[in-house]
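Engineer: Below is a structure I'd like to ask you about.
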Amino acid sequence: MACAPSLARFCCCSGVPRDRIRPRDVRRASFSGSRNCRNPSGRIPSCFNLSFGIQAMSTTQGSIAATKGIPKFEHEPEHLLVLVHGIMSSPSDWTYAKTELTRQLGNKFLIYASSSNTYTKTFGGIDGAGRRLAEEVLTVVQKTKSLRKISFLAHSLGGLFARYAIGLLYSSKSSNELQHNTVTCDRNFGKPSQKFNTDTIAGLEPINFITLATPHLGVRGKKQLPFLLGVPILEKLAPPLAPIFVGRTGRQLFLTDGRPSKPPLLLRMAADYEDKKFICLELHSDMVGWRTSSIRRESELVQPPRQSLDGYKHIVNVQYCPPVLSERPHFPPEAARAKEAAQTTPTTKTTAKYHDIMEEEMIRGLQSLGWKKVDVSFHSAFWPFLAHNNIHVKSEWLYNAGAGVIAHVANCLKEQESRVSLAANL
């Protein structure tokens with residue numbers, strides 16, 4: 001798991017009370033500025049506590065349907081924890097985690113499993129799914145007036161959905177209206193942007209951002225796409241076939257979306273690192289997809305310990321990585337040429353060159369935030385090759401090897417809640 005600050009530029013909406021931020025405002029903001037080739041960033045405000053692990057707006061109707069299951073409470077919850085599933089999945093992926101987190105965290109938390117991006121809706125692009133998620137979160141917040149704080153726990157592709165949605169939901173004291181939080185892909189790309197004072201996410205105080213096995217750097221490379229099981233021929237065929245099977249999302253994950261002259265969405269999402277922070281950013285990553293889910297270079301990967309930490313089976317290492325100051329990520333001319341070659345005449349050599357350039361730029365952007373990185377290894381599990389589903393216990397009877405990971409997440413959330421409460425009372 002890892003805790004990290006903002007990941008991309010946010011929409012800003014200073015001075016707007018949360019009961020006045022409406023889902024239609026998000027939809028309106030989402031499509032503003034399209035003539036200027038602007039896109040929401042998916043940056044995580046640095047006011048969150050971020051966590052990552054092994055390797056989340058559609059129609060109003062979808063959002064309303066997704067919030068029908070909000071329960072009524074004897075004790076009004078103060079802290080919204082949004083659970084975001086991954087590709088071709090549904091809220092049922094979180095059945096075990098939701099039950100366990102509810103048991104451990106108590107009635108101060110409203111634990112809500114998002115349902116606005118189920119199954120094939122995840123194929124329509126990270127940006128589209130992020131808009132649906134943002135609208136859904138606003139609806140939940142508006143229906144539960146007691147909420148004061150917000151956190152996100154996302155698995156796999158859901159971590160990218162959540163980053164994009166957070167960009168749309170960001171509200172700053174220095175802005176007077178809800179604007180589309182964008183990372184520009186033209187002349188402003190790579191230049192210092194205006195600073196904003198951190199305020200809220202969907203009108204709430206941001207606390208934790210936690211991802212489990214999220215492909216923050218995309219899915220190119222050896223053992224970065226879990227369901228291919230590291231088979232070389234399948235990994236070679238994946239880039240050209242991904243758009244056919246998983247549409248716009250596939251192009252974005254392989255960094256081939258958009259025109260050659262424009263930076264891919266994941267780079268734009270990593271390019272803005274203003275001082276907007278979650279209290280804690282946390283990454284949980286497994287040995288499959290380890291590089292992309294833990295935001296590390298190949299040279300930074302070391303042989304992990306074989307022994308689990310006390311009380312948390314399969315968690316083998318916890319490391320806090322402080323922010324690394326560097327220049328903002330760029331999309332240099334050689335990257336544009338390499339992207340064009342990867343799109344038009346893809347070969348192992350041309351795609352590798354392009355992805356090497358992009359990964360380095362994304363890592364520099366994302367490592368400008370401080371992350372708590374939690375490494376998970378299922379080498380000793382009965383079904384080690386099911387690591388991607390084990391990490392969030394997709395099904396208790398088949399994927400229960402990840403129970404220690406969920407316990408660790410719960411403990412991190414409790415500890416952070418205690419720190420926030422203590423600070424508020426000082």
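The values are calculated or read from the model by the stated rules, or taken from the named source; none is laboratory data. Quick caveat, the model's predicted, so the values are computed rather than measured. Quick reminder, even Gly has a Cβ in these numbers, built from the backbone with ideal geometry, and neighbours come from all protein chains shown. Just the protein is used for accessible areas: all its heavy atoms, side chains included, with ligands, DNA and RNA removed. Shrake-Rupley method; radii C 1.70, N 1.55, O 1.52, S 1.80 Å.
Engineer: Taking the full set of protein chains and a 1.4 angstrom probe, give the accessible area of VAL405 in square angstrom, rounded to the nearest 10.
Structural biologist: Solvent-accessible area, nearest 10 Å²: 0 Å².
Engineer: While we're here: Per-residue counts of other Cβ atoms within 10 Å, averaged by peptide: what ranking do you get for 317-327, 127-137, highest first?
Structural biologist: 127-137, 317-327
Engineer: Let me ask something else. How do the peptides 304-315, 329-340, 153-164 rank, highest first, by the average count of neighbouring beta carbon atoms within 10 Å per residue?
Structural biologist: Put in order of decreasing packing, that is 153-164, 329-340, 304-315.
Engineer: Round to the nearest 10 and report in Å² the accessible area of PHE123, as given by a 1.4 Å probe over the protein chains' heavy atoms.
Structural biologist: 50
Engineer: Please give the contour-minus-distance gain from LYS349 to TRP397: 0.36 nm per residue of separation, less the Cα-Cα distance, rounded to one decimal in nm.
Structural biologist: 13.0 nm
Engineer: Using a cut-off of 9 Å between beta-carbons, work out the net charge of the residues near ARG148 (Lys and Arg +1, Asp and Glu -1, ARG148 not included).
Structural biologist: Around ARG148, the surrounding residues sum to -1.
Engineer: How many lysine pairs does the stretch 89-153 hold where the Cα atoms are under 21 Å apart and the two sit 8 or more places apart or on different chains?
Structural biologist: Lysine pairs, 8 or more places apart or on different chains, close enough: 6.
Engineer: I've got another one for you. Around TRP383, with a cut-off of 15 angstrom between Cβ atoms, what is the net charge of the other residues, counting Lys and Arg +1 and Asp and Glu -1?
Structural biologist: Result for the local shell: 0.
Engineer: Long-range amide H contacts for ASN317: which residues qualify at under 5 Å (H placed 1.01 Å from N, peptide plane, sequence gap of 5 or more or a different chain)?
Structural biologist: ASP375
Engineer: What list of ³J(HN,Hα) values in whole Hz, one per residue of the stretch 333-343 in order, does the Karplus curve 6.51 cos²θ - 1.76 cosθ + 1.60 (θ = phi - 60°) give from phi, with Gly and Pro shown as x?
Structural biologist: Computed from phi, the couplings for the stretch 333-343 are x, 5, 5, 4, 5, 5, 5, 4, 5, 5, 7 Hz.
Engineer: Give me the accessible area per residue for the stretch 98-171, probe 1.4 Å, as a whole number in Å².
Structural biologist: 25
Engineer: I want the antiparallel fraction of DSSP beta bridges within the stretch 278-426, as a percent rounded to 5.
Structural biologist: Just about 60 percent of them are antiparallel.
Engineer: If R0 is 51 Å, what FRET efficiency do you get for SER299 and ASN107 from their C-beta distance, rounded to 0.05?
Structural biologist: With a Förster radius of 51 Å, E is 0.65.
Engineer: Something else: Amide H of ASP199: which non-local residues (sequence gap of 5 or more, or other chain) have their own amide H closer than 5 Å, using H built in the peptide plane?
Structural biologist: For ASP199, whose amide H was placed from the backbone, the distant partners under 5 Å are SER171, LYS173.
Engineer: Now a separate question. Quick one: which residues, 5 or more positions from ASP286 or on another chain, have an amide H under 5 Å from its amide H? H modelled 1.01 Å from N in the peptide plane, none for Pro or chain starts.
Structural biologist: Answer set, sorted by chain and number: ILE54, GLN55, ALA213, VAL376.
Engineer: On a 1.4 Å probe surface of the protein chains, which of TRP290, TRP371 comes out largest in accessible area, and what is the full order?
Structural biologist: Greatest to least solvent exposure: TRP290, TRP371.
Engineer: So if we plug the beta-carbon distance of SER92 and ARG337 into 1/(1 + (r/R0)^6) with R0 = 35 Å, what FRET efficiency do we get, rounded to 0.05?
Structural biologist: 0.20
Engineer: Sticking with this structure for a sec: Quick check: net charge around GLY125, other residues with Cβ under 11 Å of its Cβ, Lys/Arg +1 and Asp/Glu -1?
Structural biologist: +3
Engineer: When a/c reaches 1.5 or more, the comparison of a/b and b/c decides; with that in mind, is the stretch 314-426 rounded, prolate or oblate per its Cα gyration tensor?
Structural biologist: Oblate, since a/c reaches 1.5 and b/c is not below a/b.
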